[in-house]
Each structure stands twice: as structure tokens, then as C-alpha cells.
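To start, the structure itself, in C-alpha cells.
The values are calculated or read from the model by the stated rules, or taken from the named source; none is laboratory data. Source: prediction; values computed, not measured. Neighbour counts are summed over all protein chains in view; Cβ atoms, including those assigned to glycine, are modelled from backbone coordinates with ideal geometry.
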């Protein structure tokens with residue numbers, strides 16, 4: 001279900017892992033008693049890459065040396081001019097000032113673990129990086145997906161003194177990318193310290209590396225919400241060391257056989273009132289997600305799921321009242337009435353989709369769908385909607401959907417779908433049944449298909465064999481981008497993300513433009529999804 005990032009793409013950690021083994025102190029290192037005050041500062045010994053050298057690092061002062069700023073409690077505006085990286089603004093590189101051309105890897109996020117010194121902790125990141133994707137494109141994709149830089153750590157005991165995972169960035173990058181991996185050093189004394197906005201389900205250590213062997217450390221506590229914490233170089237006893245810094249890293253210590261999740265959303269120079277205004281809240285991806293447990297940043301205007309409700313008949317709204325585009329409760333239409341056809345009369349035709357070429361699986365239907373089957377409308381009478389059974393051969397997406405404006409040129413066999421502006425709809429109302437959580441995806445076609453569906457705007461409808469009606473405005477569609485764009489969509493998909501050998505049944509019974517109505521009448525179980533109806537039309 002998860003993808004292990006061994007070296008983020010090998011080349012990405014040419015920028016990062018070269019100096020990571022000193023995060024794995026050798027036998028002389030006394031592991032601190034983690035879990036104390038979230039704002040305490042430790043005295044730590046750093047060690048070299050297995051050559052026996054160590055150097056004492058003087059820790060900070062009292063627990064008040066760490067200043068906590070939260071968006072909910074801050075009364076004084078933050079000094080946003082001091083913000084160096086804010087994922088909620090679309091940034092993916094920390095602006096250290098040492099690599100303006102982005103050629104040396106300065107400010108590029110990377111993953112680290114206890115692996116170089118014999119540890120076996122595994123680091124996982126969402127699978128959003130394509131094969132041979134550059135380290136910059138990969139980092140950008142991860143930040144877009146998470147709304148932050150996020151990772152999961154599966155802690156395992158090896159032969160290293162510490163068990164940990166983490167992430168970090170180099171201040172000035174490396175000397176000669178892909179040739180010499182010697183780290184460059186930068187003077188960041190003018191920062192005065194550092195502010196970090198993060199969420200974590202375990203304690204986190206911030207480490208400032210002044211050379212290959214020495215780091216200065218402060219402990220930040222776990223936080224279920226994104227919180228900004230600021231610490232000065234003086235509090236770290238690193239005023240002089242801050243003139244010669246290779247990297248800043250965030251380490252999550254763990255215990256054998258446990259997990260941890262860390263998500264960093266912003267980094268800035270020190271300011272007592274904070275440096276970065278982060279727009280959003282911490283959201284833990286649910287069990288229905290392939291990235292279950294990851295902590296991501298969601299826009300503060302977005303909801304986690306579309307609200308759905310059903311009530312006994314009486315003082316309630318009939319689902320058909322919000323199903324003006326597609327109504328399976330009456331004599332169903334053969335197409336979704338989008339009102340946005342591009343003149344080809346190909347909009348709104350239902351189709352099934354899945355990555356058949358990659359063997360994800362198949363969508364079994366009572367009758368084929370698509371514009372080439374214009375005379376076959378028995379499926380709509382049989383399902384009172386559009387229904388199908390999804391069979392997964394391996395992990396991926398399967399489902400049904402329709403093109404909003406149709407296709408560009410019906411005379412061409414591989415003509416792409418036409419773009420459409422659906423912003424005026426305000427959102428969607430969906431009446432459905434599904435025995436697995438169902439994702440409604442605002443898709444746009446790319447060369448060769450829909451591209452990466454996990455990165456497209458979506459809302460999640462909870463599984464239910466009873467018919468449910470849910471209405472959500474566009475702000476409730478979660479997206480990896482700063483906001484949902486509804487001006488260039490081509491298709492609306494109803495998809496299940498499944499695992500190998502899984503099966504799922506879905507039925508889309510009604511569709512309409514957004515409505516604020518919530519109290520919908522209950523119409524009972526869906527015969528197809530509940531299994532009372534089979535796949536064969538009789």
C-alpha cells in the first residue's frame with residue numbers, strides 16, 4: 001500500500017544523504033530521554049561518519065527558549081517577510097539565498113533515516129514521483145500532494161545507537177552536483193534563529209549542523225495541529241556556529257516496531273511573533289486512502305468529506321430535487337445534462353475507466369457504456385442509474401465518469417476531451433450507493449489519459465449500501481494545489497482506489513449542481529450495491 005523511499009530517487013539524496021550518518025551517533029552517544037518538555041533544549045554529542053571523532057555541543061538554556069505561535073491564538077501579525085518557505089503558498093524550495101539558480105540542491109527537502117549506521121528504519125512518502133523524475137520535480141510533487149513535506153517512518157531496531165527517521169534541507173547545497181558531493185556551508189547568522197511550522201504524532205528534534213560532525217539540537221513536542229515554533233541561535237548556543245552551517249534537519253526518534261508521521265509546512269527566519277502564515281489545518285489521511293496515516297495540510301476553507309444525510313420521509317428533501325442533471329429515480333436520461341456541450345453532442349455520455357494497459361483491473365457492467373452504444377439504455381433502467389462492479393488485479397483506480405463538454409473531434413479515434421468551465425455550478429450534489437468509500441474527482445485529460453488521479457481535486461463519499469445524497473461546494477474538494485480550479489476541467493469521475501484482489505460495487509443514481517439542502521429523504525438500500533441484483537440484465 002505504501003511506497004518506500006530508499007533514496008527519494010537515488011540522485012535526490014546525492015544532495016541529502018552524504019552527511020546523514022552523523023545523525024546516527026556511535027557507542028559513546030547517550031540517547032536523550034525523549035518525551036520531556038516540548039520546549040526543552042538538550043546537550044548532545046555528535047559523531048562523525050564512523051571514524052571515531054566526536055565533539056561536544058553545548059545546549060541551550062531554559063524551556064522558555066522556544067516560542068510557540070499558533071494561528072488560532074496569535075494577536076500580533078507575523079513578520080511574513082521573514083518566511084523562507086511556505087508550502088501553503090505553493091513553495092517547494094526553502095529560500096536560503098545560496099542557490100538562486102537551483103542547481104546545487106540548496107533548500108531542497110530530502111528524507112533521512114538511521115540506515116547509514118546500521119539502522120533499518122523505513123521511510124515512506126506518497127507515491128507521486130514518476131520513474132526517473134528529477135529531484136526537484138519530485139519534491140514539488142510531494143509538496144503539492146501533502147500541502148507540506150510529509151513522511152511516514154516505520155521504526156525498526158538495527159545496529160545503530162538511535163532509531164529514527166527524519167527530513168531536512170541543505171543550506172548552501174553541494175559543491176558539484178553528480179560529480180563531487182561535498183557539502184557547501186552558509187552563513188545564516190543573520191536569521192537570528194529559525195521558525196518551523198509542523199505537525200507530528202511523536203516528539204521531533206531540530207538539529208543545526210555546523211560541520212560534518214557537530215550539531216546543535218532542540219526538542220519540539222508532538223502536535224496534532226500545525227504549530228509554529230521559533231528558537232534563537234543564542235538559545236541553541238549556536239550564535240557562532242550559525243556562521244558555518246551545512247544543513248538543518250528534523251529528526252523523529254522512535255521505538256522498535258512503531259510508526260511515526262511528520263509534516264513540515266513552513267520555515268522562516270526567527271521572529272518572536274512568527275514568520276509564516278500557513279493557511280490550513282492538519283488532516284490525517286483515513287483508512288480509505290492508500291496513504292493512510294499521513295499528516296497533510298488542507299486548506300482552511302476545505303472540509304474533510306462531503307456531508308451526507310438521510311432521514312425518514314416527512315420533513316425532508318427528496319434526492320430528485322437536487323438531481324436535475326441526472327435522475328435515476330425517474331425515467332433516467334442516457335446522458336448527464338451538463339449544459340456545456342461543445343457542439344459535438346458528445347457530452348455527458350457515461351464511460352467506465354481503469355488502467356487496463358497496466359492491469360489494474362476491470363469494470364464489469366450490466367451493459368457496455370460510451371457514445372458508441374447510444375441505443376443501449378437498458379443499463380439505466382436496470383440500475384436506476386449507472387452501476388458496475390470493480391475488480392482489482394492490483395492497486396489503482398477504477399470507476400465510471402463522463403466528459404463535461406464532450407470530445408474535441410468525434411471523427412478522430414483518439415481525440416481528447418474538451419475543456420469546460422464548471423465554476424458556475426458551485427459544487428455538486430450526488431446521490432449514490434457504494435460498498436467502498438467513493439471519490440468524486442474533477443479530472444482533466446492529459447496525453448495518454450487522465451494522468452495522476454491522486455493529485456486532482458476530489459471529495460470522498462463514505463461507503464453505504466443505502467442510497468445517500470451528499471452536496472459539496474468546490475471548496476470542499478481537497479486538492480494538492482493552493483485552490484481548486486474549476487475553469488479547465490474535462491471530466492467528472494466516480495472512482496474507487498482499491499488494492500489487489502479487491503472488489504467493489506457502485507451506483508450513481510443522481511447528479512445536480514450544488515445546493516445547500518442537507519436533510520435528504522431515505523430511500524433504502526440500493527439493490528445492485530447490496531447484492532440483491534446481479535450483473536446480468538434479465
Check your understanding: Are any of the residues in the range 117-126 in contact with a strand residue (DSSP E or B) (Cβ under 8 Å, 6 or more places away or on another chain), in contact (Cβ under 8 Å) with a residue 40 or more places away in the chain and on the phi > 0 side of the Ramachandran plot?
Key -> no
Exercise for review: State all residues of the range 387-399 that are closer than 17 Å to residue 445 by Cα and either crowded, with 24+ Cβ neighbours inside 10 Å or out of contact with any strand residue (DSSP E or B) (no Cβ under 9 Å at 6 or more places or on another chain) (or both); if no residue qualifies, say none.
Suggested key: 398, 399
Check your understanding: Quick one: is residue 207 within 19 Å of residue 112 (Cβ to Cβ) and surrounded by fewer than 21 Cβ atoms within 10 Å (Cβ to Cβ)?
Key -> no
Revision key, fill the gap. The residue that is nearest to residue 144 (Cα to Cα), considering only those in the range 55-87 that are at pLDDT below 90 and crowded, with 18+ Cβ neighbours inside 10 Å, is 71
Exercise for review: State all residues of the range 213-253 that are part of a loop (DSSP other than H, G, I, E, B) and buried (at least 20 other Cβ atoms within 10 Å of the Cβ); if no residue qualifies, say none.
Suggested key: 214, 233, 235, 236, 238, 246
Check your understanding: Does residue 115 count as within 18 Å of residue 183 (Cβ to Cβ), assigned by TED's automatic domain parsing to the domain that holds residue 253, modelled with pLDDT under 90 and crowded, with 20+ Cβ neighbours inside 10 Å?
Key -> no
Revision key, fill the gap. Selection from the range 134-154 of residues part of a helix (DSSP H, G or I), touching a residue at least 60 places away in the same chain (Cβ under 8 Å) and over 13 Å from residue 298 (Cα atoms) yields 135, 138, 139, 141
Review point. Among the residues of the range 169-201 satisfying the criterion of being in contact with a helix residue (DSSP H, G or I) (Cβ under 6 Å, 6 or more places away or on another chain) and in a strand (DSSP E or B), which is surrounded by the most Cβ atoms within 10 Å (Cβ to Cβ)?
Key: 183
Review point. Looking at residue 293, is it over 31 Å from the mean Cα position of the chain (by Cα) and at pLDDT 85 or above?
Key: no
Practice item. Answer with yes or no whether residue 256 is assigned by TED's automatic domain parsing to the domain that holds residue 121 and either part of a strand (DSSP E or B) or in contact with a helix residue (DSSP H, G or I) (Cβ under 9 Å, 6 or more places away or on another chain) (or both). Key: no
